[in-house]
Amino acid sequence: MSVYLIPITAAMLIFPFLAALFTIPYIIVQYRRYGSILFLRVLIIYSFIFYLLCAYFLVSLPLPPIEEVQHYTKPIMQLIPFKFYI
């Protein structure tokens with residue numbers, strides 16, 4: 001279970017910077033367009049950015065060691081026809 005905590009904590013540390021980078025221009029555009037800021041929309045944008053960040057880190061951060069990857073990438077010949085069906 002602790003394997004999943006590492007990417008989520010990394011996402012929580014990077015989230016404030018990325019959220020500020022994307023939502024401040026969004027807030028400015030919304031204020032100029034409508035004359036007010038709808039906090040529900042800002043909250044939805046914040047949660048969507050956090051969701052995307054967590055999904056990205058859960059996919060990319062728990063990488064296997066290089067020695068283990070070497071075993072996955074060596075060429076393997078399949079000499080028995082149609083064995084992939086079994």
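The values are calculated or read from the model by the stated rules, or taken from the named source; none is laboratory data. Please read these numbers as outputs of a predicted model, since none were measured by experiment. FYI the Cβ positions are ideal-geometry reconstructions off the backbone, even for glycines, and counts take in every protein chain you see. When the accessible area is computed, the model is the full protein with side chains, heavy atoms only, and any ligands, DNA or RNA have been set aside. Shrake-Rupley method; radii C 1.70, N 1.55, O 1.52, S 1.80 Å.
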| message | Residue pairs, Cβ under 8 Å, 6 or more apart or interchain, first in the stretch 51-65 and assigned to a helix (DSSP H, G or I) and open to solvent by less than 80 Å² (accessible area, probe 1.4 Å), second β-branched (Val, Ile, Thr) and modelled with pLDDT under 80. List them. | response | CYS54/ILE8; PHE57/ILE8; LEU58/ILE8
| Near pairs, Cβ below 8 angstrom, 6+ apart or cross-chain, from the stretch 16-43 (under 24 Å from CYS54 (Cβ atoms)) to any residue that is open to solvent by 70 Å² or more (accessible area, probe 1.4 Å) and among the aliphatic types (A, V, I, L, M) | none
| task | Filter the stretch 33-50 for residues that are of a type in the set (Ser, Thr, Tyr) and assigned to a helix (DSSP H, G or I) and give the result. | result | TYR34, TYR46, SER47
| message | Please pick out the residue among LEU18, LEU38 that is within 18 Å of the chain's Cα centre (by Cα), more than 13 Å from LEU61 (Cβ to Cβ) and either open to solvent by 80 Å² or more (accessible area, probe 1.4 Å) or at pLDDT below 85 (or both). | response | LEU18
